[in-house]
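Novice: Have a look at this one.
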Amino acid sequence: MKALAVAAGIVFWTLVLGVAVLMFFPAGEEGEPVAVLQVDAAPPAPAAPSGAVGVDLPPGFSVTGPSMAPNAPPPRPAAPVLAPPGQGTTMMPVTPNAPPLAPPGPSGALETPERHGAAPGGDSGTKMAASELTAGIDQTGSVPLAPVPVPALIEESPYGPLPKIAIDGRRPAEVYARPSNYAKVAGGPPRVAVLLNGLGVPGAPDGDIIKGLPPPISIAYGAYGRSLQERVTQARAEGHEVLLAIPLEPNDYPAEDPGPHTLLTTLPTTDNIKRLHWLMSRYTGYVGVTNYMGAKFETTSASLKPVLEEVKRRGLIYFDDGSVEGSTAGQIAKDLELEYSTAQVRLDAATLDKALAELEAAAKAQGAAIGVAKAEPATAKRIADWAGSLEEKGLVLVPVSTAMRSPRQS
């Protein structure tokens, strides 16, 4: 019996080895196919019993198949899909077939397409068709505006920080402006803008007067008073772009005195530029300069031209408040190719409703119009109420810098 069992074992293992040889080695001549072992798919596993434990995996990883039974070893997670080459050395899971991320920015951080293509300053970087622009209050950009100052736009002087054009060509007129999709786009709703001036000058009301105004309202601060930088920073925190109001000689100076460091026709150019630098150094974060008074100075081109040359050299705009009859600012700015505009309507408190209607008509006729109002509590409240009516009138409230850059209708 023992010999019979041994013989049976030898026969069994001989058969097993024979089958294995046939499965793994060619059985025919060269070129004939080898044997293929076909394995049918396993039937679906039964649902996991109650109490099965799940596994939390990092984003980009997934586990397919049945849920895990208690005490069962976890299945191997799928390998992450790596980001395409050229996106830095950091490997990160991404969604298959998703659009590639933009290349790293200067800081080394990955940028979204929106950030990667954003433009500084008054241009929001999002080019919109005129048909996409709506009436009402321009909602472009964020509130608050970006912090100031930008170090690249600052020149130190004996008086304090002065604005300048950055080495890379950026100008304060663009970087410090409130962004707007309505700038440099023809068509769309007519634009109206309002500059509230009369702050930061002798006898000015409290700066809290601007609270509650829509962000596109632009604010002009003079160079007098305490905590001016705090006031300007607060205005920008509420979304308002700021202009610097410089005192210019009126006709009856010194009986009517705009204050210390007034630019005078009787002073040599070098002295007026020194005064201008003192005025410019009181705070930072303004897009440009506007006049405070100046009936005599603005009509004297020999005195005004060097000042406007300095304004352009420092990357600023010049906005004329429209109060000076016979001002030479427009012609000088044109000759210098200085970014310039003037107010179409003076928004006087005594005739405010009529003046606002004139501003609306001017915007519809020209495509854009700018009004100037003196900072007074009743005036500020009325303008805020008026802004809420613009949507139904088919107009849009924009910052002054945007109205200046909006194409005019012929």
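Novice: Keeping all protein chains in place and using 1.4 angstrom, which order do I383, I167 fall into by accessible surface area, from largest down?
Specialist: Highest to lowest solvent-accessible surface, that is I167, I383.
Novice: Could I ask something else about it? Hey, what do the phi angles of segment 380-386 turn into as Karplus ³J(HN,Hα) couplings, whole Hz, using 6.51/-1.76/1.60 and θ = phi - 60°, x for Gly and Pro?
Specialist: These are the phi-based 3J(HN,Hα) values: 4, 5, 5, 5, 4, 5, 4 Hz.
Novice: Are any of the pairs K305/K374; K164/K274; K354/K381; K312/K374 more than 20 Å apart by Cα-Cα distance, and if so, which?
Specialist: K305/K374; K312/K374
Novice: Also, quick follow-up: Heads up, I need the accessible area for K374: 1.4 angstrom probe, whole protein in place, Å², nearest 10.
Specialist: Rounded to the nearest 10, that gives 130 Å².
Novice: In whole Hz and in residue order, list the ³J(HN,Hα) couplings for segment 233-243 that follow from phi through the Karplus curve 6.51 cos²θ - 1.76 cosθ + 1.60, θ = phi - 60°; x for Gly and Pro.
Specialist: With coefficients 6.51, -1.76 and 1.60, one gets 4, 5, 4, 5, 4, 8, x, 8, 7, 10, 10 Hz.
Novice: Moving on to the next point. What are the residues whose amide H is under 5 Å from the amide H of T290, where those residues sit 5 or more places off or on another chain and H is modelled from the backbone?
Specialist: L244, A245, I246, F319
Novice: In a shell of Cβ-Cβ distance under 14 Å around N197, excluding N197 itself, what net charge do Lys and Arg (+1) and Asp and Glu (-1) give?
Specialist: That sum, taken over residues with Cβ under 14 Å, equals -2.
Novice: Between A349 and D168, what is the FRET efficiency for a Förster distance of 35 Å, r being their Cβ-Cβ separation, to the nearest 0.05?
Specialist: Computed FRET efficiency for A349 and D168: 0.20.
Novice: Still on this model: Please list the non-local residues whose amide H lies under 5 Å from the amide H of A295, H modeled 1.01 Å from N, same-chain partners needing a gap of 5 or more.
Specialist: Amide H neighbours of A295, under 5 Å, 5+ apart: N251.
Novice: Sticking with this one: In terms of solvent-accessible area of protein heavy atoms at a 1.4 angstrom probe, what is the ranking of H261, H277, highest value first?
Specialist: Largest accessible area first, the residues go H261, H277.
Novice: Still on this structure, I have one more. Quick one: net charge of A295's neighbours, Cβ under 10 Å, K/R +1, D/E -1?
Specialist: -4
Novice: In whole Hz, what ³J(HN,Hα) sequence does segment 147-157 give by Karplus (6.51, -1.76, 1.60; θ = phi - 60°), x for Gly and Pro?
Specialist: Per residue, the Karplus-derived 3J(HN,Hα) values read x, 10, x, 8, x, 5, 9, 10, 10, 6, 9 Hz.
Novice: Additional query: Heavy atoms only, probe 1.4 angstrom, no DNA, RNA or ligands counted: give me W278, W386 ranked by accessible area, highest first.
Specialist: Output order, biggest surface exposure first: W278, W386.
Novice: T134 to S301: extension gain in nm, 0.36 nm per residue of separation minus the Cα-Cα distance?
Specialist: Working it through step by step, the gained length comes to 56.0 nm.
The values are calculated or read from the model by the stated rules, or taken from the named source; none is laboratory data. All values reported here derive from a predicted model rather than from experimental measurement. Glycine gets a Cβ as well: all are built from the backbone with ideal geometry, and neighbour counts include every protein chain shown. Just so you know, the surface numbers come from the protein's heavy atoms only, side chains and all, with ligands and any DNA or RNA stripped out. Shrake-Rupley method; radii C 1.70, N 1.55, O 1.52, S 1.80 Å.
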